[in-house]
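Enquirer: Shown below is the structure under consideration.
Only the coordinates and a few stated rules stand behind these numbers; no lab work does. The structure presented is a predicted model; accordingly, all values stated were derived computationally and were not measured. Cβ placement follows ideal geometry from the backbone for every residue including glycine, while neighbour counts extend to all protein chains displayed.
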Amino acid sequence: MKLSTRAEYGIRVLVALARAEGERPLPLAQIARAERLPHAYIEQLVGELRRAGLVSATRGQAGGYRLSRPAEQINLAEAVRALDGPILEMPCAGPDNLEACARPKDCSVHAVFERLHDSLSGTLTATTVAELAAEAGGPPYPAEVRRRIQAAASGKPTQAAR
């Protein structure tokens, strides 16, 4: 399973708003610059986050966006569902969806997909925007850069440094 760019960018917007909680509303241009995201694209995503009740807008010169409720009360499952729809797109992935499956009885992979759905949903539901905001450490880095940073922190040389 791969989370979409929509979900990633939308969550990054929520984290930026969580960091600014208690301050004035943040303009989208400021979020786009700070997070290095395309302004027009996050404008669309924020519209969906508004419809889902996760963010609110303030108009005017001092306007912008803020979270609709405290970051501790917004979990990632809500954000992913608002931006991507169901967490796992299978007719029978959830425990309550067996009747949606066209097969007469549980198929051979039903149990594993049900566990996968429960695991993903549980992890996303248990993770709040506040937790991400507290742990956030800047823009994502390419894999090679992350390896160099981790190696430097652990004192081990990377292959490039050998």
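Enquirer: Length gain on complete extension for the stretch THR5 to ARG36, per 0.36 nm per residue less the alpha carbon to alpha carbon distance?
Expert: This chain segment gains 9.8 nm when fully extended.
Enquirer: Here's something else I'd like to know. Only loop residues by DSSP count here, and only those with at most 16 other Cβ atoms within 10 Å; note down the trypsin sites (Lys or Arg not before Pro) in segment 1-52 that meet that.
Expert: LYS2, ARG36
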